[in-house]
Amino acid sequence: MDATLPRHVAIIMDGNGRWAERRGLARHAGHREGIPVVRMCVEECLRRGIGALTLFAFSSENWRRPAAEVSNLMTLFVDALEREVPELHANGVRLAVIGDRHALSVRLQSRVAEAERHTAANGALRLQIALSYGGRWDVVQAARKLAAEVAAGSLPAASIDEARFGAALALGGLPDPDLFVRTGGERRISNFLLWNLAYTELWFTDTLWPDFDVAAFEAALAFFAGRDRRYGLTAAQQGGAASA
Ligand code: IPE
Ligand code: IPE
Ligand code: MG
């Protein structure tokens with residue numbers, strides 16, 4: 001396997017609102033403009049053999065935006081699922097939504113469930129859309145799930161280790177992201193995958209999400225290819241490990 005290629009890429013798709021506002025358009029126009037960029041990222045992952053892609057589409061905190069923007073976004077998610085799933089399926093993409101799905105409308109919940117069911121057997125790319133997702137929500141839901149198993153007597157508390165806890169998180173079963181990308185200029189995590197990003201390489205760009213193109217995606221991959229991932233070891237140990 002090519003170690004210079006990430007196995008899992010996680011992206012905060014930020015800057016849609018500013019993209020629109022700079023053109024004198026409603027923020028919603030920027031969100032809509034972001035959809036083809038999602039398609040491009042999926043295609044690039046498929047073409048390059050990157051096995052997993054996780055996209056932050058709507059955070060736990062985004063519910064506090066003006067009601068009209070929230071409702072426009074939810075409509076966009078419903079429509080995008082309806083429009084994109086056949087092609088995703090044809091390309092072997094397995095889709096999953098991570099986040100507090102009970103907060104979503106019944107209509108969106110059923111679209112999500114249907115898309116997940118329809119694509120469940122696919123293996124070319126695992127695509128996670130984080131919707132109503134927060135890293136803290138994720139840690140709490142995992143803790144609650146494990147606590148219920150302990151209370152039921154099916155899980156000894158002493159057997160909860162990092163692997164068991166990680167498996168209870170929304171991305172349980174997937175490798176941690178190797179590469180994190182945030183567009184839109186902010187240098188922060190904004191409550192994305194708090195646990196899973198522990199050793200992820202972080203790449204930030206000022207490019208706004210609707211302007212993020214293949215060249216920008218390639219720049220992120222080139223950054224990743226140049227990293228020396230030490231995981232706490234010394235560089236000399238790493239050299240030893242490589243030749244061992
Ligand atoms: C990211 O773009 C999309 C969502 C958070 C839903 P923004 O809407 O945050 O765009 P800016 O940051 O205001 O430009
Ligand atoms: C992060 O973007 C969430 C998503 C892209 C879905 P925000 O625009 O909500 O983040 P902040 O508010 O700038 O931290
Ligand atoms: Mg933003």
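The values are calculated or read from the model by the stated rules, or taken from the named source; none is laboratory data. Just so it is clear, the model here is predicted, and its values are computed rather than measured. Here Cβ is always computed from backbone atoms with ideal geometry, including for glycine, and neighbour counts include all displayed protein chains.
Worth pointing out:
- Yes/no for Leu76 being more than 13 Å from ligand 3 (Cβ to nearest atom) and surrounded by fewer than 18 Cβ atoms within 10 Å (Cβ to Cβ): yes
- Scanning segment 1-29 for residues that are among the basic types (Lys, Arg), more than 16 Å from ligand 2 (Cβ to nearest atom) and surrounded by fewer than 17 Cβ atoms within 10 Å (Cβ to Cβ) yields a count of 1.
- Scanning segment 30-50 for residues that are touching a residue at least 60 places away in the same chain (Cβ under 8 Å) and buried (at least 19 other Cβ atoms within 10 Å of the Cβ), we see that the one that is farthest from Val97 (Cα to Cα) is Gly30.
- Lone qualifier among Ala198, Ala148, Ala130 - being within 16 Å of the chain's Cα centre (by Cα), farther than 18 Å from Ala57 by Cβ and either of a type outside the set (S, T, N, Q) or buried (at least 19 other Cβ atoms within 10 Å of the Cβ) (or both): Ala198
- Meets criteria (surrounded by fewer than 16 Cβ atoms within 10 Å (Cβ to Cβ), modelled with pLDDT of 95 or more, over 26 Å from Asp176 (Cα atoms) and within 16 Å of ligand 2 (Cβ to nearest atom)) for Pro86: no
- Conditions (1) within 16 Å of ligand 1 (Cβ to nearest atom); (2) surrounded by fewer than 15 Cβ atoms within 10 Å (Cβ to Cβ); (3) closer than 26 Å to Ser132 by Cβ: number failed by Val181: (2)
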